[in-house]
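Contents: one structure, followed by commentary.
The values are calculated or read from the model by the stated rules, or taken from the named source; none is laboratory data. Owing to the predicted nature of the structure, the values given are computational and were not obtained by experimental measurement. Every residue, glycine as well, gets a Cβ built from its backbone with ideal geometry; the counts of neighbours run over all protein chains shown.
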Amino acid sequence: MGKWSLFFALAYAVQGFAQSTGILLQPIDYFYKSVHEYDPQKLAALSFWIGFPWYIKPVYGLLADFIPVFGYRRRSYLILSCVVSFAAFTLLLGITDPILLAWALGMTALCTAVGDVMVDALMVEHGQRLNKIKHFQSIQWIVLSILAVLAALGGGELTEYAKQTGNAHRAVQIAAMIALAGPVILLVATLWIVREPRSQLNREGLASTGKGLRQALTSKPLLGVFVFVCMFWFQPGIAKTMYVHATETLEISERAWGLSDAFAKGGYILGAVLYLTVLGPRLSTRQLAILSVLIYGGITFGYLGLRDATTLYVLASVYGVCYMISILTLMSLAAEVCPRRVEGFVFAFLMGVMNFVRMGSDWVGGVLYGKIKPVYDGEVTEGLWASLGGMAHPVDPLIVISGVVTLLALLFIPLLPKREHTEDVPIEAV
């Protein structure tokens, strides 16, 4: 394994467990659900605001592209994010107030998002130079998925432990202690592997970066990818609402939910391997986009059949495969439309859009769930929402909406960049 493959693998391994969507995810959800009685809408809103730093990723990319820190465009930002992230995870050990806890989680999200932008910018730079964008991305996500499986299993066990002992915050503390290793690993990897020429803020650099921004703003392929991403990821109610529906309505245990998450992350591994060895080398990115819409929309409709832990495991496993193929395709699309000198900004912008749409639509789903559930409880008998009451569960209309919108992304396939082959070539060739 080359040094850059190793670095990207370690960086994404850290993301697989040391963030609020890693080993902390289920303990945090359970803490707010059980101690503070958060419903799906509040849980989704909490996640949306904790994840806010991920929506403004272009700001970090723009700073790195324009303003070197201590003479470096990537390395210094990575080091600073690791140091602050370690401090933020340490704060989680002693915080019990829900508002302060949310702020601390937001700080860990900020540091992880900044580090992610720098890692992705390095991936785009060296991936374009070495023609290894898909190779690097596949390695990243295979490693991330392996660590995410362990994080999901650990989070499920910690949450079940919290449920049995009646101490929800203890699970958060233990998860935070484990997550502390993440910024340490990334810091060591950065100091060891990342070497870049010293840079400074000068007129030539600003002119070059400004030219790249103008190219990005007038790029039709970039506009096509933007619209496609928005349509693809609008999935209201698939995350937090599904968690509450499974654990409360269907009475699936916290341990089983954590295990299903592990099955999904295991599916990530299979999906990444399929993408790396079978799909990526044989299909154009546009063909992969069509495939992603069909399989992801299909598995979304599959959740209409969720009834118990067994069906949850099966659906989660298939979902994981479909999700990984889709996310790698979308990231490849994003990387392919990045102009030179603003790789960090453009890639971060598209990833920020992706995160905003996903988390924002889940919040929308939580709001809609609050409108639909009274119909099933017999509290509302007329109006628009009452017409949706013919399905088995109040989450079902949200599943249908999610699947339909994802499939509608097929209408925007003609806007995507078109290639006759799948080699990773410089963006000027688009």
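So that you can scan it fast, the table gives a plain yes or no per residue for (1) of a type in the set (S, T, N, Q); (2) modelled with pLDDT under 90; (3) touching a helix residue (DSSP H, G or I) at 6+ places or on another chain (Cβ under 8 Å); (4) under 23 Å from Ser402 (Cβ atoms):
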| position | (1), (2), (3), (4) |
| --- | --- |
| Tyr243 | no, yes, yes, yes |
| Leu259 | no, no, yes, no |
| Lys265 | no, yes, yes, yes |
| Ile295 | no, no, yes, yes |
>> Please go through segment 155-167 and give me each residue that is surrounded by fewer than 21 Cβ atoms within 10 Å (Cβ to Cβ) and in contact (Cβ under 8 Å) with a residue 24 or more places away in the chain, ordered by number.
In response: Glu157, Glu160, Lys163
> Which members of segment 134-154 meet the condition of being surrounded by fewer than 24 Cβ atoms within 10 Å (Cβ to Cβ) and among the aliphatic types (A, V, I, L, M)?
Replying inline: Ile139, Ile142, Val143, Ile146, Leu147, Val149, Leu150, Leu153
>> I need a count of the residues in segment 62-103 that are polar (S, T, N, Q) and free of Cβ contacts under 8 Å to residues at least 40 places away in the same chain.
In response: 1
> Here is a list of conditions, (1) over 26 Å from Gly2 (Cβ atoms); (2) surrounded by fewer than 22 Cβ atoms within 10 Å (Cβ to Cβ); (3) of a type in the set (Phe, Trp, Tyr); (4) modelled with pLDDT under 90, and Phe86 meets all of them except one; can you say which number that is?
Replying inline: (4)
> Restricting attention to segment 179-194, does a residue exist that is out of contact with any His (no Cβ under 6 Å at 6 or more places or on another chain), modelled with pLDDT under 85, crowded, with 18+ Cβ neighbours inside 10 Å and of a type outside the set (A, V, I, L, M, F, W, C)?
Replying inline: no
>> Just to verify a result, which residue in segment 61-108, among those that are of a type outside the set (Val, Ile, Thr), closer than 27 Å to Phe48 by Cβ and assigned to a loop (DSSP other than H, G, I, E, B), is nearest to the chain's Cα centre (by Cα)?
In response: Leu93
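Listed here are the residues, each with its yes/no results for (1) over 30 Å from Leu222 (Cβ atoms); (2) touching a residue at least 12 places away in the same chain (Cβ under 8 Å); (3) not in a loop (DSSP other than H, G, I, E, B).
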position	(1), (2), (3)
Tyr243	yes, yes, yes
Glu251	yes, no, no
Ala264	yes, yes, yes
Val273	no, yes, yes
Thr277	no, no, yes
Pro281	no, yes, yes
Arg286	no, yes, yes
Tyr296	no, yes, yes
> Which of the following residues is charged (D, E, K, R), within 16 Å of Thr329 (Cα to Cα) and crowded, with 22+ Cβ neighbours inside 10 Å: Asp120, Asp116?
Replying inline: Asp120
> Quick one: in segment 124-133, which of the residues that are among the aliphatic types (A, V, I, L, M) and either in contact with a His (Cβ under 7 Å, 6 or more places away or on another chain) or farther than 19 Å from Val59 by Cβ (or both) is surrounded by the fewest Cβ atoms within 10 Å (Cβ to Cβ)?
Replying inline: Leu130
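Please state which one of Glu248, Glu254 is in contact with a helix residue (DSSP H, G or I) (Cβ under 7 Å, 6 or more places away or on another chain) and within 22 Å of Gln164 (Cα to Cα).
Numbers: Glu248 fails: in contact with a helix residue (DSSP H, G or I) (Cβ under 7 Å, 6 or more places away or on another chain).
One residue alone meets the criteria, Glu254.
Each row is one residue, and each column tells you yes or no for (1) aliphatic (A, V, I, L, M); (2) buried (at least 22 other Cβ atoms within 10 Å of the Cβ); (3) in contact with a Gly (Cβ under 8 Å, 6 or more places away or on another chain); (4) at pLDDT below 80.
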residue	(1), (2), (3), (4)
Leu24	yes, yes, yes, no
Ile28	yes, yes, no, no
Tyr60	no, yes, yes, no
Phe70	no, no, no, no
